[in-house]
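Derivation of every value follows stated rules applied to the coordinates shown; laboratory data play no part. Small disclaimer: the values here were computed from a predicted structure and weren't measured. Virtual Cβ from ideal backbone geometry, glycine too; neighbours counted across all protein chains shown.
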Amino acid sequence: MAGNGSCRLIVGLGNPGAEYAGTRHNAGFDVVDRFLAGHVKSFRVRNARSGEAREGSFAGEKLIVLKPLTFMNLSGNAVFSVVRGESLKPSEILVIYDDIDLPVGRMRLRKNGGSAGHNGMKSIIETLGTENFPRLRIGIGTEDAKRDPDYVLGRFSGKEREIYEALIGKAVEALELLQRRGIDEAMCRFNPVNTAIEIEE
């Protein structure tokens, strides 16, 4: 990682195209889009193979933000292109993605781990040859999630949409704290159960 424990590459996972915009599977795209919207003047467009990328600085460190445009199961190709070009270590990469095993309103920041069946993470792990890179999992799960094979390609509505939108904002806060103070402090602040988003009826 960079000197303050921050990452040099932030990757948000999703599927490209208007038909997938706003779907649950695009949570990674939603987080990095929200982050970039808050720091428009700090980032410029960067050429990237198989992805949409911005390059700039945050908290005094160079930072690249990437949205792979390869579709989910080939995300590793776009990530590896940047990793190789920048000579990055796995520990300098943060991947943000949806997690059906976490309920809506929860997120989980980890230093490493497996794919848990997520196709985008499978691709990145296979391409990099390691599981040892940080990841931020965005909860999209509900009681009915695993019964519906098309669930991840659907969209939230009503109260769940409110919770999800609030969670995206909280995820950006976690990302910003990680970049400023390091992953350990961000994990301590945002991983506890009492940080979950809940909206009363």
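Mean-square fluctuations from a GNM of the chain, with a 10 angstrom spring cutoff on Cα atoms, peak among 33, 101, 144 at 144.
Loop sites by DSSP among the trypsin sites (Lys or Arg not before Pro) of the chain, restricted to those with at most 16 other Cβ atoms within 10 angstrom, leave 50-110 as the longest stretch without any of them.
Considering only alpha-carbon pairs that sit under 8 angstrom and 6 or more positions apart, the relative contact order computed for the chain is 27 percent. Every pair of different Cα atoms in the range 150-199 enters the Kirkwood calculation, which places the hydrodynamic radius at 12.1 Å.
With the contact rule set at Cα under 8 Å and sequence spacing of 6 or more, what percent relative contact order holds for the range 23-124?
Relative contact order for the range 23-124 comes out at 27 percent.
The value given for the chain is a Kirkwood hydrodynamic radius of 16.7 Å, derived from the mean inverse Cα-Cα separation. For the range 9-195, lysine pairs separated by 8 or more sequence positions, or belonging to different chains, with Cα-Cα distances below 20 Å total 13. Its alpha carbons give the range 45-96 an Rg and a Dmax of 10.8, 33 Å. Principal-axis analysis of the Cα atoms of the chain puts helix 119-128 at an angle of about 20° to the longest axis.
Helix 158-181 and the longest principal axis of the C-alpha atoms of the chain enclose an angle of approximately 30°. For the chain, adding -39500 (n - 2.57) for each run of n ≥ 4 DSSP H residues and dividing by the number of residues yields -10000 deg cm²/dmol at 222 nm. Classify the range 119-173 as rounded, prolate or oblate, taking a ≥ b ≥ c as the square roots of the eigenvalues of its Cα gyration tensor: rounded when a/c is under 1.5, otherwise prolate if a/b is larger than b/c and oblate if not. Verdict is oblate for the range 119-173. At q = 0.13, 0.20 Å⁻¹ the log10 of I(q)/I(0) for the range 1-119 amounts to -0.49, -1.23, computed by Debye summation with a single uniform scatterer per C-alpha, solvent ignored. For the chain, modelled as a Gaussian network with Cα springs under 10 Å, which listed residue fluctuates most, 117, 14, 105? In this elastic network of the chain, the residue with the biggest mean-square fluctuation among 117, 14, 105 is 117. Annotation: the antiparallel percentage among DSSP beta bridges lying fully within the chain is about 55. The angle between the Cα long axis of helix 27-37 and the main principal axis of the chain comes to about 60°, on a 0 to 90 degree scale.
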